[in-house]
1. Out of the residues in region 469-483 that are among the small types (Gly, Ala, Ser) and away from ligand 2 (no atom under 16 Å from the Cβ), state the one that is farthest from Ser497 (Cα to Cα).
2. Is there a residue being touching a residue at least 40 places away in the same chain (Cβ under 8 Å) and more than 19 Å from Gln254 (Cα to Cα) anywhere in region 118-128?
3. (1) open to solvent by less than 10 Å² (accessible area, probe 1.4 Å); (2) within 16 Å of ligand 1 (Cβ to nearest atom); (3) in contact with a helix residue (DSSP H, G or I) (Cβ under 9 Å, 6 or more places away or on another chain): which one isn't true of Thr639, the others all being true?
4. Look through region 350-366, keep the residues that are closer than 21 Å to Gly36 by Cα, open to solvent by 50 Å² or more (accessible area, probe 1.4 Å) and of a type outside the set (A, V, I, L, M, F, W, C), and return whichever of them is modelled with the lowest pLDDT.
5. What pairs come out if I take residues in region 681-703 that are closer than 11 Å to Leu615 by Cα and pair them with residues that are small (Gly, Ala, Ser) whose C-beta lies under 6 Å away, six or more apart or interchain?
6. Yes or no: region 837-851 includes at least one residue that is modelled with pLDDT of 95 or more, under 23 Å from Ile476 (Cα atoms) and open to solvent by less than 30 Å² (accessible area, probe 1.4 Å).
7. Can you tell me which residues in region 539-571 are within 23 Å of the chain's Cα centre (by Cα), surrounded by fewer than 21 Cβ atoms within 10 Å (Cβ to Cβ) and more than 25 Å from Asn388 (Cα to Cα)?
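The values are calculated or read from the model by the stated rules, or taken from the named source; none is laboratory data. Everything quoted here is computed from the prediction, not taken from an experiment. Cβ coordinates were reconstructed from backbone atoms using ideal geometry, including for glycine residues, and neighbour counts include every protein chain displayed. Areas reflect the complete protein model, heavy atoms only, side chains present, ligands, DNA and RNA absent. Shrake-Rupley method; radii C 1.70, N 1.55, O 1.52, S 1.80 Å.
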Amino acid sequence: MPLSIDKRRDRPTTQWVYTFGNGQAEGHAGMKSLLGGKGANLAEMSRLGLPVPPGFTITEEVCTYYEDHGRSYPEALKAQVANGLDFLGRLTGRTFGDTENPLLVSVRSGSRASMPGMMDSVLNIGLNDVTVAGLAKWAGDERFAYDTYVRFIAKYSNVVLNVERHHFEEILDEYKHRKGYTLDTNMTAQDWKAILPRYKQVVEEAEKFFPQEPQEQLWGAIRSVFGSWMNDRAIKYRELNAIPASWGTAVNVQAMVFGNMGETSGTGVAFTRSPATGEKVLYSEFQINAQGEDLVAGTHTPQHNTEDARLASGSDKPSMEGVMPDAYKELLRNCGILEEHYRDMQDIEFTVQKGKLWMLQTRNGERSAKAAVRIAVELATEGLITKNEAITRVEPAALDQLLHLTIDPQAERKILATGLPASPGAAAGEIVFNSDDAEAAKEAGHRVILVRAETSPEDLHGMHAAEGILTMRGGITSHAAVVARGMGKPCVSGAGSIRVDYAAQTLTVAGQILNKGDIITIDGSNGQVLLGQVRMLEPALSDEFDTLMGWADTVRSIKVRANADTPLDANTARNFGAEGIGLCRTEHMFFEGDRIVAVREMMLSGDETGRRAALAKLLPMQRKDFVELFTIMSGLPVTIRLLDPPLHEFLPHSDDEFEEVAKGMNGSVGKLKQRARELHEVNPMLGFRGCRLAVVYPEIAEMQARAIFEAAVEAGRKTGQRVVPEIMVPLVITKAELDLVKERIVAMAEAVAEETGVKVEYQVGTMIELPRAALRAGEIAESAEFFSFGTNDLTQTTLGISRDDAASFLGRYMQKGLLPTDPFITIDQDGVGELVKLAVERGKKTRGNIKLGICGEHGGDPASIHFCQAVGLDYVSCSPYRVTIARLAAAQAALQQRAEKLADVPAF
Ligand code: PEP
Ligand code: MG
């Protein structure tokens, strides 16, 4: 808080007001957290010598003071504002409140975070029954002055006095109708004068007082802008965008310039590059004889800036270039200056008053992901920024937009329900309620959305056939979500407000009943379920994308692997640049067709002989899968996790399924059902799964180890590349447990070497996915050659929140601030993060070169990747469609770490 000496009282006072104009400014672009974005950039533009109408910014601190002190102002503010008005008077040669030569001002909000349209702004302050004549004289245009005055009364009364706008609109419409006018421009000075008393009457009837005194108008507007920081809209927007209420907004008071002074005046917005594609062309709209608000409100059809754009669109309305070539040339020049100065694409607002250009705002422009990539790469190739800066200019999560179909932002969305954004991308199709129907419809050439209460392994073929998946229950790590992400299919899960009635084949939502065959669209990037077929945009990967990813790959230190269980996953992952497989969930390889029957036989057989018989059926299938994975990933590491099935996902449910298993085993359905009841678990996530299965039934681990080693030999022969499998034991809590399983693996390696004559090099490691494992990591590392942090289970078990059930309350938890972020998306640093750190330290202490990775869903989350970099993991593993996101995030994490290290070096 800068202090200055108040000469009269000889004690320091705070500077609450910062002036700008005439090539100078007290503030600058680096002062956004005091002056807000608009104020800081107006100051900067003024320093750059650009034509900015002079003004002053009242700091964000005043807003905070105002809220904290019963809506009153600091004592020194009045005098500082008065000085500010004097400053404007000196620069403009006009005086606020003067009857002959009145200065008019705008009062606009502007916080350090962009909050478009959320807060108030009022223009033309200073107009009253007397100054309006002065304005008419100055402009040489009575019509302009009265038009401006009448509109000011309506705007001020609406924004500051809360008089509803429609009262004024009705008067104007009725007047025009009576006169036979169609446009506002038909209104003459006399017409505006005639309407004036009726506007004033509306205010009186609302029992409000429209102040004639300019000072009162000004302070009313300032109060209104500060007050709008706490309006419902702004509060909601801040909540959604995590903007603290304590920041406050600044207020910018600026000399008015008029875009509505006839055919040589106008107002416009311009992006220095296309915010849609990133192309380096001026992307702008312009409106002759209008004020800024007319353009923003969309009440006028904008005109083109360039002649080329006008001709291309076939518009007969003149372009800015055509009617005011000098102002246009100056605008182009200013765009160049601003882009070079800010080293980024700018979003600019300007006004032309009688041929003279004025710059009203500049800021870094919002842009699509596609544009972000292109702009970053082109700015770097133009030499405006470095390659490393280009890497930091693109939000990794936004890359999702580039890899999937997305809903056209211009398209209308009729939202039926909102669930969880479980797997990104948009998809549309006919509703089907079961997987067989999905498959049949697909074969008949239809596109379908599979709608289920929840999905299970039986739905795999339906999920394959569907364009997208919608479930009523389940979180973002539910079966539907995990499998859909692996397949790269859009999925909305946990849409709790829909009701699925399988018998009636209907979906009920918000009082509407949809039938099988009705069309819906789902947006897996934001969780929306939409009625009908909504227009979409195709994904397109550009050359710039490849360039940026290439730059990212050279700076990152963390490797990026994929969680992949099928050849399709593995191929997709390689195409996206994965450097190996970090997690192959072998239970996922058993979901399909006759495999699930064999798995069920294995699980339900009461003795080892029965299990071995079932395992013998599975062995060739597993071996074939592994050969394919090793071949696709040739030369890259592949981590295969031994079986970790939550039993309920694999047990048969329907009578048909029981019969099928009974047939395969030559057993009785009754006995099988009895065995299934015995295996029923109240909480399968904490049940008989992971290595517990291998400890109790070692023959399962043996079969899998055999399949892995035999496949490694075969794939090695096929590709000529050495295959070094990493065998991972899940859900370990003690070293002894790992040792028991490891013993079997080692024995199997030796057996296969003997049989084939080929010794396969391999590693045995474990997942650290239970708190006890993290605590015992020091001992476990004696046997484990690598750790892979299973942060899905580690999060559930550390926080005591089931990942599938979290959907019902986690949102409210975060709203109440009980958890800062969704711990199933971003690593919970206070619990899970601590355990990971501890396990890393203890693991490394025992085995200095232990390989460390993460394969929970967090491996594809940019914020979690920063954490992984900080604790020193070697790689992250994520679903194939997140690989590019992870590559970019890892590069950003490496750059941030470098910057932090540099900042740590003491200066001499
Ligand atoms: C984990 O727990 O983080 C993990 C990767 O295993 P799964 O999600 O298969 O339980
Ligand atoms: Mg797990």
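1. Within region 469-483, the first condition is being among the small types (Gly, Ala, Ser), and the residues that meet it are 474-475, 478, 480-481.
Add one more test, that the residue is away from ligand 2 (no atom under 16 Å from the Cβ), and what stays is 474, 480.
Working: Gly474: 13, Ala480: 18 Å.
Out of the qualifying residues, it is Ala480.
2. The answer is yes, given that some residue of region 118-128 is touching a residue at least 40 places away in the same chain (Cβ under 8 Å) and more than 19 Å from Gln254 (Cα to Cα).
3. (3)
4. As a first pass, look at region 350-366 and keep what is closer than 21 Å to Gly36 by Cα: 350, 358-366.
Going one step further and asking which of them are open to solvent by 50 Å² or more (accessible area, probe 1.4 Å), we end up with 358, 363-364, 366.
With of a type outside the set (A, V, I, L, M, F, W, C) added as a condition, the list becomes 363-364, 366.
Numbers: Arg363: 94, Asn364: 94, Glu366: 85.
Ranking the candidates gives Glu366 first.
5. Correct list of pairs: Ile700/Ala694; Ala701/Ala694.
6. Within region 837-851, the first condition is being modelled with pLDDT of 95 or more, and the residues that meet it are 837-851.
Of the ones still in play, those that are also under 23 Å from Ile476 (Cα atoms) are none.
Looking for residues that are modelled with pLDDT of 95 or more, under 23 Å from Ile476 (Cα atoms) and open to solvent by less than 30 Å² (accessible area, probe 1.4 Å), one finds none in region 837-851, hence no.
7. Pro539
Condition check ((1) without any contact (Cβ under 8 Å) to a residue 12 or more places away in the chain; (2) within 16 Å of ligand 2 (Cβ to nearest atom); (3) of a type in the set (A, V, I, L, M)) across all residues:
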| residue | (1), (2), (3) |
| --- | --- |
| Ser788 | no, yes, no |
| Thr797 | no, yes, no |
| Met814 | yes, no, yes |
| Ile827 | no, yes, yes |
| Val832 | no, yes, yes |
